[in-house]
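The structure under discussion appears below in the form of structure tokens.
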Amino acid sequence: MDTVLAITFKGGVVLAADQSNARSIITYQSNIDKVKELSSHSAIGVAGPNCDLVNFTQYIAKNLALYRLNHDGLKLSTKAQANFCRSKLAEALRKGPYQVNVLLGGYDEDVGGSLYYMDYLAALEKVDFGCHGHASSFCLSIMDREFRKDLDEEEAINIIDHCIDEIHTRFLINQPNYMIKVIDKNGVRISKFGGDPSDT
Amino acid sequence: MNEFIIGSDILDIGKRQNNRHSCHESCTLSAPLILENSGMLLVPTVKNPAEFVRSNFSSACGNSDAKQEVKFAKGTTTLAFKFNDGIIVSVDSRSTMGAYIASGTVKKVIEINPFLLGTMAGGAADCSFWERNLGTQCRLYELRNGRRISVASASQLLANTMSSYRGYGLSMGTMITGWDETGPQLYYVDDDGTRLKGKYFSVGSGSTYAYGVLDTHYRPDMTVDEAIDLGKRAIYHATHRDAYSGGINNLYHVTSDGWRKIHAIDVNEMHYQFEEEKQNAMHV
């Protein structure tokens, strides 16, 4: 039931995810943060059960931190991080799979913003924009229509807003709050959210 | 004649060798899955233990567990909420097996230690065993580190345990709550490893009814008496509408000095008391 959306723009990536955690007919919380920081200039939007979301993102983030510690502060590129992520998904697939669909976005000096689409079967693809969840049925066409290579941050967030409005109009499940984060040369920052994750 | 009776694999463990010879051809038995030698946790000797447990021991509401040979107790309302003066934990006490009320006096709040409480919803055995196990882990933490464990760590220990038994058919929906150095904390921990930090939760078949009252009247700046009243009423309304909840409302208040049991009131008595209140309000 989770929704994750992402669009690259000139100079970075915008990642958005819904903030609800629900089971059967009850919504337990509406202020969950599903866009987790992996490193200073990358983040991962995750769709899936809370357990796998937390375990998987913490596992990847801490391993990336360990790499930096072991290799004298060398930061992995977004492409390397995405491939690392995929390899962990693939390893676990035949043992105890992580049931997560992810969109990994990051900023590199030489490449700019890049976005990688991964699913729970450990498929990996570099994309300009992507969505996970039932929302993808409604939102991919909006992104196809409005995406251009030379978007700026404001236009990219605008497209995300259009997608969220469409989900609110047409999607059966109530997902009132969305967390939107931007990754650019300054790092990962929160653009806006519906529910404050620290309000617990 | 079908000799494969549900439960015979588990109950007649000593006779398994004999059973294997005389078993019906359609039974598919595999070697028991022994997790660790010291614990010797045996699971049902079928091809897919998780599926077997899920279909035969699943905690189901209504009649979906009618065909099961072994019906497990289910049906409950538990709730807990944080407010400025601490945490209120309020639960019912009914245990049902299908349409039969097995017990009206179940203790659904488990006192892990003087500063930690856990609630019970789902499989009674799973809840009481694993929360007791959590108590052991908390005590070991205290002995090793010289200080009390935080609620966040305690709930994480339980969530990790649930995570490692994923797919084994455990059924547990619990709230771990207490007061530690960072103040009052409330976590919801689930049998599929979900761990959520929040201001209030309600778990069980009657949780939707409790949420109705809780969402409408909850305020963080309630007085202690108002909070106790809200906890009491939310459970009462859930027991009134949900057939699988009832019995006695056990209510606890957690403060910086630890938890304290406030009352154990029969919900039927509450019913007449509230009815009278409404009558009096009308005449005024």
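The values are calculated or read from the model by the stated rules, or taken from the named source; none is laboratory data. Keep in mind that this is a model prediction, so the values were computed, not measured. Please note: Cβ atoms are built from the backbone with ideal geometry, for glycine as well, and neighbour counts cover all protein chains shown. Ligands, DNA and RNA are stripped out before the accessible areas are found, and what is left, the full protein with its side chains, is counted by its heavy atoms. Shrake-Rupley method; radii C 1.70, N 1.55, O 1.52, S 1.80 Å.
Could you work out how far apart the two model spin labels at A:Asp110 and A:Asn186 are, taking each label as a point 7 Å from the Cα in the direction of the beta carbon, and quote it in nm?
Each label point is offset 7 Å from its Cα along the Cβ direction, giving 2.7 nm.
What does the accessible area of A:Lys149 come to, in Å² to the nearest 10, when a probe of 1.4 Å is used?
150 Å²
Taking the Cβ of B:Thr77 as the center, what net charge do the other residues with Cβ under 11 Å away carry, scoring Lys and Arg +1 and Asp and Glu -1?
That works out to +1.
Note every residue of the stretch B:175-198 with a reduction of at least 50 square angstrom in accessible area, all protein chains present versus the isolated chain, computed with a 1.4 Å probe, or write none.
B:Leu196, B:Lys197
Any residues in the stretch A:175-200 that have 30 Å² or more less accessible area with all protein chains than in their chain alone, probe 1.4 Å, and which are they?
A:Asp199, A:Thr200
Using a 1.4 Å probe on protein heavy atoms only, how many Å² of accessible area do B and A hide from each other, summed over both chains and rounded to 100?
Using a 1.4 Å probe on protein heavy atoms, the buried area is about 1400 Å².
Give me the dipole magnitude in Debye, nearest 20, for chain A about the Cα centre, with unit charges on the beta carbon: positive for Lys and Arg, negative for Asp and Glu.
740 debye
As a test question: what accessible area, to the nearest 10 Å², does B:Met97 have when a 1.4 Å probe is rolled over all protein chains in place?
We get 80 Å² for B:Met97.
Where the accessible area of the protein assembly as shown is counted over protein heavy atoms with a 1.4 Å probe, how much of it, in %, is carbon and sulfur?
Reported share for carbon and sulfur atoms: 50 percent.
What size of dipole, in debye to the nearest 20, comes out for the protein assembly as shown about its Cα centre when the only charges are +1 on Lys and Arg C-beta atoms and -1 on Asp and Glu C-beta atoms?
The calculation lands at about 1280 debye.
What residues does the stretch A:50-79 have that are buried by at least 50 Å² of accessible area in the full protein assembly compared to the chain on its own, 1.4 angstrom probe?
Listed in order, they are A:Asn50, A:Cys51.
Restricting everything to alpha-carbon atoms, can you work out Rg to Rh for chain A with a Kirkwood hydrodynamic radius?
For chain A, the value is 0.95.
How many angstrom lie between the Cα centre of the stretch A:18-40 and the Cα centre of the stretch A:121-195?
If you average the Cα positions of each part, the centres end up 16 Å apart.
For the modelled label position 7 Å from the Cα of A:Lys10 along Cα-to-Cβ, which residues of the stretch A:167-200 have backbone nitrogen atoms closer than 20 Å?
A:182-187
Report the Cα centroid-to-centroid distance between the stretch B:169-196 and the stretch A:52-118 in angstrom, as an integer.
28 Å
Once you compute Rg and the Kirkwood Rh from C-alpha atoms, what is the Rg to Rh ratio for the stretch B:168-262?
Ratio value, two decimals: 0.97.
Which FRET efficiency value, to the nearest 0.05, do you get for B:Ala50 and A:Glu125 by plugging their Cβ-Cβ distance into 1/(1 + (r/R0)^6) with R0 = 41 Å?
Efficiency, from the Cβ-Cβ distance: 0.80.
Could you calculate the contour length gain from A:Leu172 to A:Ser87, that is, 0.36 nm times the residue separation minus the distance between their Cα atoms, to one decimal place in nm?
Once the chain is fully extended between A:Leu172 and A:Ser87, it gains 27.2 nm.
Quick one: accessible area per residue over the stretch A:82-200, 1.4 Å probe, rounded to a whole number of Å²?
Result: 53 Å² of accessible area for each residue.
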